[in-house]
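The values are calculated or read from the model by the stated rules, or taken from the named source; none is laboratory data. Just so it is clear, the structure is predicted and the values come from calculations on it, not from any experiment. A quick note on method: Cβ atoms are made from the backbone with ideal geometry, for glycine too, and the neighbour counts reach across all protein chains shown. To get the accessible areas, we keep the full protein, side chains included, count just its heavy atoms, and leave off ligands, DNA and RNA. Shrake-Rupley method; radii C 1.70, N 1.55, O 1.52, S 1.80 Å.
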Amino acid sequence: MLSTTAVRLSALYLGLFALCAVALVFYVTAISEGMQRDRTQDAIANELRIVASAYRGGGVAGLVRVIERRSRRPGANLYAIAAPTGELIAGNIASLQPGVLDSEGWSAVPFRYERIGERVDENHRALAQVVFLGNGMRLMVGRDIGEREQVRGLVRQALVMALAIMFVGALAIWFLVGRRALRRIDHMSEASKKILAGDLAQRLPVNGSGDEFDRLSLSLNTMLGRIAQLNEGLRQVSDNIAHDLKTPLTRLRNRAEAALADGGAEAQTEALEQMIADSDQLIRTFNALLMISRVEAGSSTAQMSDVDLSGLALDATELYEPVAEEEGVKLTSKIAPGVTVRGNRELLAQALSNLIDNAVKYVGDGPDPEITVTLSRSGNEVLLAVTDNGPGVPANRREDVVKRFVRLDESRSKPGTGLGLSLVHAVAALHGGHLLLDDASPEARDHPGLAATMALPGGK
């Protein structure tokens, strides 16, 4: 238990609070005793002035009369007149601690005394001032300090009770809060062990209180979810690479083998040309993979600059017009002029080219296939969209098509690598934006089309 942070913090806070409480109590006690001592001395001095006035006016006889009269009053005041030999001859004191009347002035320390008419076993303590009279007699005026001793005892008792309550309270807080925190940490440790054992679906417990443990668990669970997502993506990428690259590699080998078996120069030349084409496709695939990895790693952030997105969109549209025309597709544009964003021109151009190229490939054979490149502003965002009137992408597959090597054309009858939208998604994320996929014409059931929109922040 002592090795846990909760117990150490509890003990530290308890010790610190107890130390402060003790220091405060002693400070208050000292202040209170000082105030009471000053009040006692003021009261004694006032009484001494009264009896001294009686002595000056009536001599020893007048002094004795005043002392006897004031001694019969209830209260804490003490009076005594002693002979030069020390024998008490008047006042309300039966006996004094030896040595009290031997020196003139204030008593250095409290002394014991017995009051007339009280039991002998009662223990009283007092402070007094002694005055030597001219005839050798001694006058003592004092005051009982039992009240001050009671206050000191009450303060000490309160201190002991406060420390006891603090100790009990600390134990209660530890049992109610510390043990609960330790149990939550134990649950988090158990979940962590399962995660380390390979169960990436395991998550840290969250009880919904919103405290620091919940915030930590939510952050770690988000991280675990991201790790699981990346692992799943890596597994899918590995499977897709094996599937998509195995076929061209096998085709390369078969063509090389067929060319060797045929032996004719013309057949070998044709086989080499086809092998070069297949090799170029493989190189393009690997280049696309490398570019996506670099973009996701943010390696291109150093080349950010102000990009004329309007001019870039116009150039891309003009570049693909002959390609679209050859495929029988009408390519148009609706581009707002003077739109500028902060970004990487080459990556933005590549992303837009991928969107247009995908649209040209998959717009379909329907009547009047058409593709529109649109650039507009919406609030604080710039929307660069490519829409078509083709078959579109089902809503339940839109999250999949941005993954690497995922293609809706399962038969792989159309050319491509399945990396185009992955690169667009990565480029949009690099620029602080996102890729939106939606139906271009939701009311058209057979050909709803696809609206692929890159939403980028800012813009001028």
Does any residue in segment 351-380 that is farther than 16 Å from THR453 by Cβ come within less than 9 Å, Cβ to Cβ, of a residue that is of a type in the set (D, E, K, R) and surrounded by 18 or more Cβ atoms within 10 Å (Cβ to Cβ) six or more places away or on a different chain, and which pairs are these? VAL360/ASP388; TYR362/ASP388; VAL363/GLU370; VAL363/ASP388; GLY364/ASP388; PRO369/ASP388; GLU370/ASP388
Hits in segment 418-460 - residues which are closer than 30 Å to LEU245 by Cβ, surrounded by fewer than 22 Cβ atoms within 10 Å (Cβ to Cβ), at pLDDT 85 or above and more than 34 Å from the chain's Cα centre (by Cα): LEU437
Residues being at pLDDT below 80, part of a helix (DSSP H, G or I) and among the polar types (S, T, N, Q): count how many of those fall in segment 196-242. 5
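Select from segment 55-66 the residues that are in contact with a helix residue (DSSP H, G or I) (Cβ under 8 Å, 6 or more places away or on another chain) and at pLDDT below 85 and list them in ascending order.
If the condition is that a residue be in contact with a helix residue (DSSP H, G or I) (Cβ under 8 Å, 6 or more places away or on another chain) and at pLDDT below 85, then TYR55, GLY58, LEU63 are the ones that fit.
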In this structure, is PHE17 of a type in the set (Phe, Trp, Tyr), without any contact (Cβ under 8 Å) to a residue 12 or more places away in the chain and either over 18 Å from ARG138 (Cα atoms) or open to solvent by 30 Å² or more (accessible area, probe 1.4 Å) (or both)? no
Taking the options VAL360, VAL406, name whichever one is within 24 Å of LEU419 (Cα to Cα) and modelled with pLDDT of 85 or more. VAL360
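Within segment 30-83, can you find the residues that are hydroxyl-bearing (Ser, Thr, Tyr), surrounded by fewer than 16 Cβ atoms within 10 Å (Cβ to Cβ) and in contact (Cβ under 8 Å) with a residue 12 or more places away in the chain? Don't jump to the end; show me each part of the working.
Restricting attention to segment 30-83, the residues satisfying the condition of being hydroxyl-bearing (Ser, Thr, Tyr) are 32, 40, 53, 55, 71, 79.
Checking the rest, the ones that are also surrounded by fewer than 16 Cβ atoms within 10 Å (Cβ to Cβ) come to 32, 53.
Matches in segment 30-83: SER32 only.
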If you take the residues in segment 300-332 that are in a strand (DSSP E or B) and farther than 24 Å from HIS431 by Cα, which one is least open to solvent (accessible area, probe 1.4 Å)? LEU331
Filtered residue count, segment 319-329, keeping only those that are free of Cβ contacts under 8 Å to residues at least 12 places away in the same chain and under 14 Å from VAL386 (Cα atoms): 1
Can you name every residue in segment 134-157 that is of a type in the set (A, V, I, L, M, F, W, C) and surrounded by 13 or more Cβ atoms within 10 Å (Cβ to Cβ)? MET137, LEU139, MET140, VAL141, ILE145, VAL151, VAL155
Residues of segment 101-133 satisfying the condition of being touching a Lys or Arg at 6+ places or on another chain (Cβ under 9 Å) and either among the aromatic types (Phe, Trp, Tyr) or open to solvent by less than 30 Å² (accessible area, probe 1.4 Å) (or both): LEU101, PHE111, TYR113, ALA126, LEU127, ALA128, VAL130, PHE132
Looking only at segment 164-173, and only at residues there that are open to solvent by 60 Å² or more (accessible area, probe 1.4 Å) and at pLDDT 75 or above, the one that is farthest from SER103 (Cα to Cα): VAL168
Quick check, is LEU260 open to solvent by 100 Å² or more (accessible area, probe 1.4 Å) and at pLDDT below 80? yes
Taking interchain pairs and intrachain pairs at least six residues apart, which have beta carbon atoms under 8 angstrom, with the first residue in segment 390-401 and closer than 17 Å to LEU355 by Cβ and the second basic (Lys, Arg)? VAL401/ARG407
